[in-house]
1. I'm checking a number: the convex hull volume of the Cα atoms of the stretch 5-131, normalised per residue, in Å³. What is it?
2. Where both residues lie in the chain, what percent of DSSP beta bridges are antiparallel, nearest 5?
3. Based only on other Cβ atoms within 10 Å, what is the fewest-to-most ordering of 41, 92?
4. So what's the back-of-envelope 222 nm ellipticity for the chain, counting only DSSP H runs of four-plus at -39500 (n - 2.57) apiece and dividing by all residues, rounded to 500?
5. Taking 8 Å as the Cα distance limit and 6 or more residues as the minimum spacing, I'd like the relative contact order of the chain as a percentage.
6. What do you get for the angle between helix 94-105 and the principal long axis of the chain? Use alpha-carbon atoms, 0 to 90 degrees, nearest ten.
7. For the Cα atoms of the chain, what angle does the longest principal axis make with the long axis of helix 9-18, in degrees from 0 to 90, nearest 10?
8. What residue among 101, 39, 93 has the largest mean-square fluctuation in a Gaussian network model of the chain, using Cα springs under 10 Å?
């Protein structure tokens, strides 16, 4: 049973670029009334590239999403998966590890275009809206 979806930065970027019509918006429509979440790390990455160009529709979607902050449990999960991937020689970026940690912590499916990248994280459920 799915508890909800956690957006990756790639999803928010496509949502911003689509301006109301496209695969990312279709994904949202197809998964109503699912609960949507967004890692605070994703908000930081998104703000870096789109700080002054926010589409009001995107802001509206983000207001409906629960923002996930880093806490002790997130940090423990981050440490565990970082250590495991480093030992396997398959480390991914720190931000992506934090995002994956949030999804794992809250048992969410991560919505991303970087499925091959995130597949390195054990037990992480993924979906790519582009091919759905």
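1. Details: hull volume 12.4 nm³, N = 127.
In the stretch 5-131, the Cα convex hull volume per residue is 98 Å³.
2. Numbers: 0 of 11 bridges.
Of those bridges, close to 0 percent are antiparallel.
3. Details: 41 23, 92 18.
Fewest-to-most ranking of 41, 92: 92, 41.
4. Details: 7 runs with 70 residues, N = 132.
Roughly -15500 deg cm²/dmol at 222 nm, from the helical runs in the chain.
5. 33
6. 90
7. Compared with the principal axis, the helix lies near 10 degrees.
8. Its mean-square fluctuation being the largest, the pick is 93.
Computed from the coordinates by the stated procedures, all read-outs in this text should not be read as laboratory data. Only a predicted model underlies this, so the values are computations on that prediction, with no experimental measurement involved. Don't worry about glycine lacking a Cβ; one is built from the backbone with ideal geometry, like all the others, and counts go over all protein chains shown.
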